[in-house]
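S.K.: Attaching a single structure in structure tokens format; questions to follow.
Just so it is clear, none of the values below were taken in a lab; they were calculated from the coordinates. Given the structure is predicted, the values throughout are model-derived calculations rather than measurements. Counting neighbours? That spans all protein chains shown, and the Cβs are built from the backbone with ideal geometry, glycine included.
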Amino acid sequence: MSTFTMKQRKGVTASGWSGTVDDYAIAGAWTSNGGVLVVADVAGGVFGFEGKSGKIRWAHRGAHGGGALSMAINPITDQVSTGGQDGRILTWNPETGALSQTIDLGKGWVENLTWSADGKCLAASNSRRVHVYDVEGKEVWCSDDHPSTVSALAWSQSQELATACYGQVAFFDVFSGDVTQKLEWKGSLVSMVLSYDGDIVACGSQDNTVHFWRRSTGDDSMMAGYPSKPSYLAFDAKGSLLATGGGQAITVWSFQGDGPEGTRPGVLEAHLEPVTSLVFAPKGRILASGARDGSVAIWELDNAGNGGLIGASQLDDLVAGISWRPDGRGLAAFDARGGVTTWRVRS
Amino acid sequence: MNNQQKVPVTILTGFLGSGKTTLLNRILSEEHGKRIAVIENEYGEVGIDQALVINADEEIFEMSNGCICCTVRGDLIRVLGNLMKRRDKFDYVLVETTGLADPGPVAQTFFMDDEIRAEFSLDGIVTLVDAAHIEQQLGRSDESTEQIAFADVLVLNKTDLVSDDSLDALEGRLREMNKMTRVVRSENANVPVDTVLNLNAFDLDEVLERRPSFLEPEYPFEWTGVYALEPGRYELSLDDGPDPTMSLAIMTNQGSDDTALRDGAEWCVRQYAEDAENFAAGSTLPIGKHTSLQLQDAGRKSFFFEVDTAGKIGLYAQHTAEEFNMKVLNTESNQEIPFECERTWVAQHEHDDEVGSFAIERDGDVDPQRFNDWLSRLLRENGIDIFRMKGFLSLSGQMERYVFQGVHMLFDAQPDKPWGESTRRNQLVFIGRNLDEEGIRTGFESCLLSQ
């Protein structure tokens, strides 16, 4: 484990509670009021932590045979859905831990789950197919087979879903089933994010590049030069800054003005090993990042994507995920040993 | 992280009906106390409790670096990436490919993705062969040929359905295609598990011990005898033997150590490239020329040659001395002069398969820069046809022996144990389709530092 020492210029963070789950904590999410933090691990357990104290309110060990893979929280109802290697989607009441729904997709991993912003549709990827359900768990739509396994999902609008796989990003109207747009590019797309207005689509590719498209104009660009594959991408809430991993430095592209084509990106250097997590705060240009070496950093960025460190901490193992509390005043990071660490953040 | 800490992965290939599932079940049901994860592509048949069986779609994609042979398995990157997150990690991973799969993309995945490379090592490729049907398959499909060429271990299965003679002939043909491979025969895939797992496949030391001659290049002659001779006229006598003619070249200033013999052999190859001149019994043979001795007459036949200055000569003969009871005699005393040393060579075979393999073995140090330039260019131009490469290198300035292995255009060299007292030597094996053996040999020679 490398050492990570960093002066905290403003010291915006203060340690909160910490807890543990049984194995590598693969996903986590806060309820909208910050009352509960739900964490799932690769042993298949799902845990509900008291948001204020860190006390374990409920735990379902081995809920997903083979391990959990994904989690999504409904932004309206706070229902938490988890997907696993068992091909199931389980939906939990975060307050009580009661299992409210089970959807069994049979074979194949449920690697991606995401709720639409209006909380009406849950999209799940299962091998080459994508299924969309309503809040009752009733299937709204199921895609045909994609050309290869779906690697990422994102909602562009309340009823339009984007899917990424090898060679393409496709947009579907989930009520009519129509393909509304298809963006093709020959490469294995490993990650995808959309800007807030849904116009910019950014994908990380296996061959160490970031590719992006503007849907309105159809223009696309490629950013090369990453030392490893950019599996982690994040847009800020306004959709003007795109933070990208793919190495130990974080590269931030600014979409203001004519950018980012022809501009120099902001480069954020603090992590000593490759970045494994990037999440913008719900508001403002505050970015949280985690890395293989267990370091967690919080950055304040300017319009151009340059920034300074405003908080840092060190976990015991690889940072598996970071989740901002919806009010932006708290942060949780999960690590490969099952550690769950929280901080309070002053704005 | 070194190889010892990485999780070893075995790739199991073979045509449908070759016995992959039987072997897989056998491995999984044996008591070995290991946690094994199986990634399979043909749904369903395996069902053993203690192992995790994951079904993955075989998703092969090209890397967008413009090289059409840089294909990897996207599904493996995802599945393995997830497996390595568990605290109780697996001791072993088995990847079963579909019958028609080219093993290249699976193998390349372990070179191309940094995260996979950091956690897993390709332990070996095991190919099952249906002894009764492989001959037909080899004629019809590139994939079966590639599966043979990629194999570290070939399990020649269903041997009960084929005669011993046909099996020997088949094994000979398969070995020509892939000299590196270990061939194991079985009736119902009932091979000991340790012949297919934990191969440490790239441990050439062990391969050399098993079959010390496999690295030997093949020559158009079988035998060399070194004789210390004073100036004078000598007789070469031969009795009846297996052939009506025999090629021979005489080299002067021949040393007796192995390096000198190899150098002589390389020289002789160049002479043999010229057409032979025929000589009838009783002729005087020229020195340093490719000759063909005419041995059609029955009984003892004599040829002569002359030595100007005292020293050693090397006789490079198409057959061993024993086969013709070949002797060198002093013409004045009529005394036989025994050879100071002899050496046999691996005789050249006729290759009828497009896919073949050869080895290069040279003492001395390689200039890393020249080697890198040469190999990069070779792989850029011929990577598609080079299925696998493996071997040891003695890089100048390095205390450790380097182990290198490659798949198509990708290669990787890692320091291994220190050379210590042992002779610094380079040993490389190339397996591929229509390889330009001469060109590759010459290219490698040019990377050696002169001593």
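S.K.: Highest first, please rank the peptides A:138-145, B:126-133 by the mean number of other Cβ atoms sitting within 10 Å of their residues. Write out the running numbers ahead of the final one.
M.R.: Details: A:138-145: 13.8, B:126-133: 24.1.
Sorting A:138-145, B:126-133 by mean packing, highest first, produces B:126-133, A:138-145.
S.K.: Work the Kirkwood hydrodynamic radius out for region A:81-183: mean of 1/r over every pair of different alpha-carbon atoms, inverted, in Å. Kindly include the intermediate steps, with their values, before the conclusion.
M.R.: Details: mean 1/r = 0.0730 Å⁻¹.
After inverting the mean inverse Cα-Cα distance, the result is 13.7 Å.
S.K.: Could I ask something else about it? Looking only at A:THR20, A:THR276, A:THR263, which one moves most when chain A is put into a Gaussian network model with springs between Cα atoms under 10 Å?
M.R.: Taking springs between Cα atoms under 10 Å, the residue moving most is A:THR263.
S.K.: For region A:40-50, what does the Karplus curve 6.51 cos²θ - 1.76 cosθ + 1.60, with θ = phi - 60°, yield as ³J(HN,Hα) per residue in whole Hz, taken in order and with x for Gly and Pro?
M.R.: Per-residue couplings from phi come out as 10, 10, 6, 7, x, x, 10, 10, x, 9, 4 Hz.
S.K.: What residues qualify as long-range amide H neighbours of A:TYR196, i.e. H under 5 Å apart, gap of 5 or more or another chain, H built at 1.01 Å from N?
M.R.: Here A:GLY239 satisfy the definition.
S.K.: Local charge sum around A:ILE103 (other residues, Cβ-Cβ under 12 Å, Lys/Arg +1, Asp/Glu -1)?
M.R.: Charge balance in the 12 Å sphere: -3.
S.K.: Would you mind classifying region A:13-345 by shape? Square roots of the alpha carbon gyration tensor eigenvalues, ordered a ≥ b ≥ c; an a/c under 1.5 is rounded, otherwise it is prolate if a/b is larger than b/c and oblate if not.
M.R.: Oblate shape, in that a/c is at least 1.5 and b/c is the bigger or equal ratio.
S.K.: Now a separate question. For region A:13-345, what is the relative contact order in percent, using Cα pairs closer than 8 Å and at least 6 residues apart in sequence? Don't jump to the answer; show the numbers that get you there.
M.R.: Working: 1028 pairs, mean separation 42.7, N = 333.
13 percent.
S.K.: Of the listed peptides A:85-91, B:295-301, what is their order by residue-averaged count of other C-beta atoms within 10 Å, with the highest listed first?
M.R.: Descending mean neighbour count gives A:85-91, B:295-301.
S.K.: Report the calculated FRET efficiency for B:ALA280 and B:ARG370 (r = Cβ-Cβ distance, R0 = 45 Å), to the nearest 0.05. Don't jump to the answer; show the numbers that get you there.
M.R.: Details: r = 48 Å, r/R0 = 1.07.
For R0 = 45 Å, the calculated efficiency reads 0.40.
S.K.: Considering amide H positions built from the backbone, and no H for Pro or chain starts, which residues 5 or more places from B:GLN254, or on another chain, come under 5 Å of its amide H?
M.R.: B:LYS312, B:ILE313, B:GLY314
S.K.: Continuing with the same structure: Counting only other chains, and only Cβ atoms inside 10 Å, what mean value do you get across the residues of A:202-208? The partial results should precede the final answer.
M.R.: Numbers: counts 0, 0, 0, 2, 8, 6, 4.
Average neighbour count from other chains, rounded to a whole number: 3.
S.K.: Just A:ASN33, A:ASN112, A:ASN74 to compare: in a GNM of chain A, with alpha carbon springs under 10 Å, which one fluctuates most?
M.R.: Largest GNM mean-square fluctuation: A:ASN33.
S.K.: Taking the Cβ of A:GLY119 as the centre, find all other residues whose Cβ is under 13 Å away and add up their charges (Lys, Arg: +1; Asp, Glu: -1). Show your work: numbers first, answer last.
M.R.: Values: positive: A:LYS120; negative: A:ASP78, A:ASP118, A:ASP134, A:GLU136.
With Lys, Arg at +1 and Asp, Glu at -1, the net is -3.
S.K.: Can you pull the three principal axis extents for the Cα set of chain B, in Å, largest first?
M.R.: Computed over the Cα atoms, the extents are 83, 53, 40 Å.
S.K.: Could I ask something else about it? Run lengths n ≥ 4 of DSSP H only: what is the helix-derived mean residue ellipticity at 222 nm for chain B, with -39500 (n - 2.57) per run over all residues, to the nearest 500?
M.R.: -7500 deg cm²/dmol
S.K.: While we're looking at this one, here's another question. Taking beta carbons within 10 Å but only from partner chains, what does the mean come to for residues B:74-82? Each step should come with its number before you reach the end.
M.R.: Values: counts 8, 3, 0, 4, 5, 3, 0, 2, 9.
Rounded to a whole number, the mean comes out at 4.
S.K.: Still on this model: List the residues, sorted by chain then number, that are 5 or more residues from B:GLN405 or on another chain and whose placed amide H is less than 5 Å from its amide H.
M.R.: Residues meeting the criterion, in which the H sits 1.01 Å from N, are B:ASP412.
S.K.: How large is ³J(HN,Hα) for each residue in region B:235-244, as worked out from phi by the Karplus curve 6.51 cos²θ - 1.76 cosθ + 1.60 (θ = phi - 60°), to whole Hz, x for Gly and Pro?
M.R.: 10, 10, 10, 9, 8, 5, x, x, 10, x
S.K.: Could you tally the net charge around A:THR341, taking each other residue with its Cβ under 10 Å from the Cβ of A:THR341, Lys/Arg +1 and Asp/Glu -1? Walk me through the intermediate numbers first.
M.R.: Values: positive: none; negative: A:ASP316, A:ASP335.
Summing Lys/Arg as +1 and Asp/Glu as -1 gives -2.
S.K.: OK, next. Binning at 5 Å from 0, report for region A:21-144 what percent of all alpha-carbon pair distances ends up in each bin.
M.R.: So the P(r) values, bin by bin, are 2, 13, 24, 25, 20, 11, 4, 1, 0, 0.
S.K.: Report Rg(Cα)/(2.2 N^0.38 Å) for region B:3-201, keeping two decimals.
M.R.: Scaled against compact globular proteins, the figure is 1.00.
S.K.: If we sort B:77-84, A:159-166 on the protection proxy, mean other Cβ atoms within 10 Å, highest first, what's the order?
M.R.: Most protected by this proxy first, the peptides run A:159-166, B:77-84.
S.K.: Residues of A:180-189, mean number of Cβ from any other protein chain within 10 Å of their own Cβ, rounded to a whole number? Before the final figure, lay out each step's value.
M.R.: Numbers: counts 0, 0, 0, 0, 0, 1, 3, 4, 8, 0.
Taking all residues of A:180-189 together, the mean is 2.
S.K.: May I pose another question? Taking the dipole about the Cα centre of region B:3-201, with the C-beta of Lys and Arg at +1 and of Asp and Glu at -1, give me whichever of B:GLY172, B:LEU122, B:THR97 is farthest to the positive side.
M.R.: B:LEU122
S.K.: Further question: Averaged across orientations, what area in nm² does the convex hull of the alpha carbons in the protein assembly as shown project?
M.R.: Values: hull surface 158.3 nm².
Mean projected area for the protein assembly as shown: 39.6 nm², to one decimal.
S.K.: Under 8 Å for C-alpha pairs, at least 6 residues apart: give me the relative contact order for chain B, rounded to a whole percent. Don't skip to the answer; put the middle values down first.
M.R.: Numbers: 940 pairs, mean separation 67.0, N = 451.
Averaging sequence separation for qualifying contacts and normalising by length gives 15 percent for chain B.
S.K.: While we're on this one: Relative contact order, percent, of region B:221-347 when contacts are C-alpha pairs under 8 Å separated by at least 6 residues?
M.R.: This gives 49 percent for region B:221-347.
S.K.: Extending each Cα 7 Å along its Cβ direction at B:ALA273 and B:CYS341, get the distance between those two points in nm, one decimal.
M.R.: 2.7
S.K.: Using a Förster distance of 60 Å, how high is the FRET efficiency between A:ALA98 and B:LEU167, based on the Cβ-Cβ distance and rounded to 0.05?
M.R.: Given R0 = 60 Å and the Cβ-Cβ separation, E is 0.40.
S.K.: Using only the alpha carbons of region B:355-438, what is the convex hull's orientation-averaged projected area in square nanometres? Kindly include the intermediate steps, with their values, before the conclusion.
M.R.: Working: hull surface 20.5 nm².
Here the figure is 5.1 nm², rounded to one decimal.
S.K.: Would you please classify the overall shape of region B:221-347 from the alpha carbon gyration tensor, given that a ≥ b ≥ c denote the square roots of the eigenvalues, rounded means a/c under 1.5, and beyond that prolate means a/b larger than b/c while oblate covers the rest?
M.R.: Rounded is the answer for region B:221-347, as its axis ratio a/c remains below 1.5.
S.K.: Here is a further query. Once phi is turned into θ = phi - 60°, what whole-Hz ³J(HN,Hα) does the Karplus curve with 6.51, -1.76 and 1.60 give for every residue of region B:314-324, x standing for Gly and Pro?
M.R.: So the Karplus estimates, Gly and Pro as x, are x, 9, 9, 10, 5, 10, 6, 4, 4, 4, 10 Hz.
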